[in-house]
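S.K.: Got a structure for you, questions after.
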Amino acid sequence: MRSELTCTAWSEPSRLAVRRTDMPTPGPWQVLVRVEATSVNPIDVKRAAGYGRRLLGLKGAATLPVVLGNDVAGVVQEVGGGVSRFSKDQPVFGLVGTGRTPGAHASHVLVPQEQLVAASAPTSSSALAVLPYSFTTMWLAVMSTGLRPSNATGMNVLVNGANGGLGRLALHLLRTWGSRVTAICAQGTREDCVALGAARAVERGPGCIESLPADYHVVLNFGSWDDDPSLASRLAADACGQATTVHPLLANFDRFGWLRGALASRRDWTKVRSLVAKRAPQARYAWTVFKPDRRALDALDESVREHGLSLPVGLAVRFQDAGAAFEHVALGKAGRAVLLPGS
């Protein structure tokens with residue numbers, strides 16, 4: 001039998017329950033992973049409260065009870081036909097998409113082989129389980145600006161929300177690429193951001209964005225949607241682009257419905273896009289939406305193996321205590337939250 005953690009109602013605080021279901025059988029190109037650790041990301045807490053139900057419902061991901069979670073780390077239990085990358089008992093980590101198939105908050109998860117990578121010792125499953133979703137989202141944002149390892153050296157990059165999970169991962173990645181990064185971070189986290197690779201770190205406060213020079217080739221907003229217009233004003237005339245992961249797309253559809261939500265999203269996107277174009281006519285502007293990406297997983301694998309990439313874990317609990325993990329994330333406490341499916 002398989003244990004899974006389900007969200008049973010859209011509410012705050014999260015309403016969760018553990019249930020037992022039949023063990024799934026892997027189909028072609030699928031891997032059945034016995035999960036040793038999975039994570040609770042901010043998106044999971046928001047979804048448990050009902051966030052994104054309208055648009056995610058189109059993907060079959062908003063029918064209660066729902067199994068949340070995207071990150072998985074564990075051991076291969078069984079492989080389906082055509083699987084060539086992995087074998088039984090091999091340690092792996094990776095992610096599942098958001099859709100009709102259950103999420104990663106379960107004791108056993110079916111994962112397409114293209115969404116897994118081999119885990120390298122001595123990194124623990126808990127340490128690996130907090131990386132794939134956040135790294136992939138960050139990677140997609142970086143890629144959408146046109147920044148690449150081949151052109152990143154010497155680029156001025158501004159990272160908003162640099163002390164959060166995506167921001168920390170971006171600082172680490174961009175340091176290895178040779179970019180000059182300015183971090184906008186929460187009060188009391190400046191030294192952490194410098195240690196992670198920021199050439200300059202500015203703690204949030206009145207006028208902190210406007211005080212920065214308008215010479216950034218890339219802007220990454222992992223902090224607050226309200227900052228997007230001000231961040232656009234910091235772009236250089238020859239900038240590559242700006243991307244945000246904190247856009248209002250899902251919230252607009254939740255709040256306004258299909259037609260008004262689409263109009264509101266178009267208005268919000270166009271407003272900032274026009275500011276970006278005014279500063280740098282050739283620059284890109286993107287709203288990042290998570291989806292599994294093989295290139296991101298390969299880059300994550302390299303970053304873990306060769307550069308020791310990690311995020312701090314603040315809490316690790318069993319499924320029966322999952323409410324504490326969701327509360328940990330909802331309150332913005334330090335460190336990532338990990339769920340351990342074992343008994």
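S.K.: At what distance in angstrom do the alpha carbon centres of the stretch 40-82 and the stretch 160-202 lie from each other?
M.R.: 29 Å
S.K.: What does the highest-first list of 1-12, 126-137, 166-177, 80-91 look like by mean Cβ count within 10 Å?
M.R.: Per-residue mean Cβ counts within 10 Å order the peptides as 126-137, 166-177, 1-12, 80-91.
S.K.: Under a 10 Å cutoff between Cα atoms, tell me which one of Asn151, Asn70, Asn221 has the largest fluctuation in the Gaussian network model of the chain.
M.R.: Asn151
S.K.: Would you mind getting me the FRET efficiency between Arg175 and Met1? Use the beta-carbon distance for r and R0 = 56 Å, nearest 0.05. Walk me through the intermediate numbers first.
M.R.: Working: r = 45 Å, r/R0 = 0.81.
My answer for the efficiency is 0.80.
S.K.: Heavy-atom accessible area per residue, the chain, 1.4 Å probe: how many Å²?
M.R.: About 43 Å² of surface per residue is accessible.
S.K.: Given labels modelled 7 Å from the Cα in the Cβ direction, how far is it in nm from Thr101 to Ala334?
M.R.: Taking the two extended label points, one gets 3.8 nm.
S.K.: Now, a different point. Using the per-residue mean of other Cβ atoms lying within 10 Å as a proxy for protection, in what order, highest first, do the peptides 22-30, 154-162 fall? Write out the running numbers ahead of the final one.
M.R.: Details: 22-30: 13.7, 154-162: 23.6.
Going from most to least packed, we get 154-162, 22-30.
S.K.: What FRET efficiency do you get for Arg266 and Thr25 if R0 is 56 Å and r is their Cβ-Cβ distance, rounded to the nearest 0.05?
M.R.: Approximately 0.80, to the nearest 0.05.
S.K.: For Asp215 and Leu58, compute 0.36 nm times the residue count separating them, minus their Cα-Cα distance, and round to one decimal in nm.
M.R.: Difference between extended and current length: 52.5 nm.
S.K.: Can I ask one more? Subtracting the Cα-Cα distance from 0.36 nm times the residue separation, let me have the gained length for Val289 to Asp238 in nm, one decimal. Please list the in-between numbers first.
M.R.: Values: separation 51, 0.36 × 51 = 18.36 nm, distance 2.55 nm.
Fully extending the segment from Val289 to Asp238 adds 15.8 nm.
S.K.: Sticking with this structure for a sec: Can you give the extra length, in nm with one decimal, that the chain gains between Glu327 and Gln77 once fully stretched, where that is 0.36 nm per residue apart less the Cα-Cα distance?
M.R.: On the way: separation 250, 0.36 × 250 = 90.00 nm, distance 3.13 nm.
Extra length available between Glu327 and Gln77 comes to 86.9 nm.
S.K.: Accessible area of the chain with a 1.4 Å probe: how many percent of it is carbon plus sulfur?
M.R.: 52 percent
S.K.: Let me ask something else about it. Give the angle, between 0 and 90 degrees and rounded to the nearest 10, that separates the Cα long axis of helix 165-177 from the longest principal axis of the Cα atoms of the chain.
M.R.: The two axes meet at around 70 degrees.
S.K.: So what's the angle, to the nearest 10 degrees on a 0 to 90 scale, between helix 132-144 and the longest Cα principal axis of the chain?
M.R.: 30 degrees
S.K.: Still on this model: Check the straight Cα-Cα distances from Lys46 and name the aspartates and glutamates below 17 Å, setting aside those fewer than 8 residues away within the same chain.
M.R.: In chain and number order, the partners are Glu12, Asp71, Asp254, Glu327.
S.K.: Which whole-Hz ³J(HN,Hα) couplings does the stretch 63-77 yield from phi under the Karplus relation 6.51 cos²θ - 1.76 cosθ + 1.60, θ = phi - 60°, glycine and proline marked x?
M.R.: Listing the rounded values in order: 9, 6, x, 10, 9, 8, x, 10, 8, 9, 9, x, 10, 5, 9 Hz.
The values are calculated or read from the model by the stated rules, or taken from the named source; none is laboratory data. Remember, predicted model here, so these are calculated numbers, not experimental data. When we count neighbours, we look across all protein chains shown, and the Cβ atoms used for this are built from the backbone with ideal geometry, even at glycine. These area figures cover heavy atoms from the full protein model, side chains too; ligands, DNA and RNA do not enter into them. Shrake-Rupley method; radii C 1.70, N 1.55, O 1.52, S 1.80 Å.
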